[in-house]
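Values quoted throughout were computed directly from the atomic coordinates according to the rules given, and no laboratory measurement underlies them. Computed from a predicted structure; not experimentally measured. When we count neighbours, we look across all protein chains shown, and the Cβ atoms used for this are built from the backbone with ideal geometry, even at glycine.
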Amino acid sequence: MMNRWHAAKRLWPMLTAMALLLSACGRADISALNPQGPVAEEQFDLMKLAILIMIVVVVIVFVLSFYVIVRYRRRPGDKSIPVQVEGNHKLEIIWTVIPLILLFILAVPTVKSVFGLATDYTKDNNAVQVIVTAHQYWWEFEYPQYGIKTAQQLMIPTGKTISAQVKSADVIHSFWIPSLAGKIDANPGSNVNTMYFSAPEEGVYMGKCAELCGPSHALMDFKVTAVDEASFERWVEAMKQPAVMPADPNVAAVFENQCLSCHAVGDKGSPLYPNLTGIGDRSTVAGILTNTDDPKYSNEGTTYDNLKRWISDPQAVKPGNIMPKVGLTEEEIDGIAKYLSEYKLDEKP
Ligand code: HEC
Ligand SMILES: [Cu+2]
């Protein structure tokens, strides 16, 4: 009795933690259980159908079991041995055919969806084409129709079909925007996976890497920002503008020498690593340090604070990422963080 009580007491914190954890489910910006847009809705419908069938089976099996246990239990004084039954064709056929029918009910819409969701929009000019490249531990988004590239924050117009061609520059990752669509693997080499989705509502949707890819896998977050079509077009134009360099010539020289060997702004720099054009507008630094005061996310600080923290020691934020700790003075870090935090595009996303 004592022991059982102790076990129950130990279960309480776990149950409380579970309740807290599960209470985050259903958030429209990150939950597959609160689907946004046609692709996610179709996938959620399949989940509901599967769960409904399972519930029906579980209820029938449990009711029958309890009925049999109670109705045919051994009564006091009864010493007889029940009739020994071996095989019953009728029953065997019933419990083979019913699951087959249930599987069929599940299989038809599932197979239909699997093929439907594999529709190839990569040649469709009405769709917004995005080449998604996963890197340890950041996301690169290239728009071949517009000749622009960005990182960590995928900008999309509402209502339009977004056609993604997903690949990896290193190990296997998985591209996942829970509330907009299911996951798809990002493979290295020439194996490009395609998917499509669309967001009917303006807003910010959280994305995640869903394949263990190294020490900072859990920090490989990104955002999808859906804006109306006119705003999207203005964003594209702003991204194409020539680079805005730091006004202070010392800061400009340090930035050019120490940072533009890897990064690009506007028409300057290298295309290899995250494009920093308009980074002052983004809602995160490195996808994981959340900027400013959105109460929905844990608030790490202003864009400027987060940039300073990142540039001072990127390895402390995301262990194992490729950006080195660049040897800069406090003043230089300050100047660059200020410059980048003020690097906004005309069109505020
Ligand atoms: C050797 C190449 C390299 C150099 C040099 C470098 N970086 Fe980076 N930087 C990276 C990589 C790679 C990432 C992505 C890290 C990650 O998130 O995994 C990154 C990420 C960033 C980010 C976050 C980008 C985003 O999309 O949120 C900022 C800001 C940044 N670097 C600024 C700088 C500045 C400023 C300098 C110069 C002082 C610099 N970097 C030098 C490779 C480099
Ligand atoms: Cu990853």
Taking the Cβ-Cβ separation of L106 and D313 as r and a Förster radius of 56 Å, what is the calculated FRET efficiency to the nearest 0.05?
0.65
Provide the net charge surrounding I131, with neighbours chosen by a C-beta distance below 12 Å and charges set as Lys +1, Arg +1, Asp -1, Glu -1.
0
Report the Cα centroid-to-centroid distance between segment 70-95 and segment 38-69 in angstrom, as an integer.
28
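Using the Cα gyration tensor of segment 226-343, with a ≥ b ≥ c the square roots of its eigenvalues, what is the shape: rounded (a/c below 1.5), prolate (a/b larger than b/c) or oblate (neither)?
Working: a/c = 1.65, a/b = 1.12, b/c = 1.48.
It comes out oblate by the Cα gyration axes.
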How far is helix 89-117 tilted off the main Cα axis of the chain, in degrees rounded to 10, range 0 to 90?
10
What is the helix-to-structure angle for 38-71, meaning the angle in degrees between its Cα long axis and the longest Cα principal axis of the chain, kept from 0 to 90 and rounded to the nearest 10?
20
Folded to 0 to 90 degrees: helix 330-341 orientation relative to the chain principal axis, Cα
70
So for each of 327-337, 49-59, 87-97 I average, over its residues, the number of other beta carbons within 10 Å; can you give me the resulting order with the highest mean first?
327-337, 49-59, 87-97
Over the chain, what is the relative contact order in percent, taking alpha-carbon pairs closer than 8 angstrom and at least six residues apart?
14
Any residue on another chain or 5+ positions along whose placed amide H is under 5 Å from the amide H of A151 is listed here as F141, N275
On the formula 1/(1 + (r/R0)^6), with r taken between the Cβ atoms of V59 and T194 and R0 of 45 Å, the FRET efficiency rounded to 0.05 is 0.65
Relative to the compact globular guide of 2.2 N^0.38 Å, what is the alpha carbon radius of gyration of the chain, as a ratio?
1.34
Leaving out same-chain residues fewer than 8 places away, which lysines sit with a Cα under 17 Å from that of K112?
K48
If E202, E140 are placed from fewest to most neighbouring beta carbons inside 10 Å, the sequence is E202, E140
Want the number for E237 to R74: 0.36 nm per residue separation, take away the alpha-carbon distance, what's left?
50.6 nm
If M47, M206, M14 are placed from fewest to most neighbouring beta carbons inside 10 Å, the sequence is M14, M47, M206
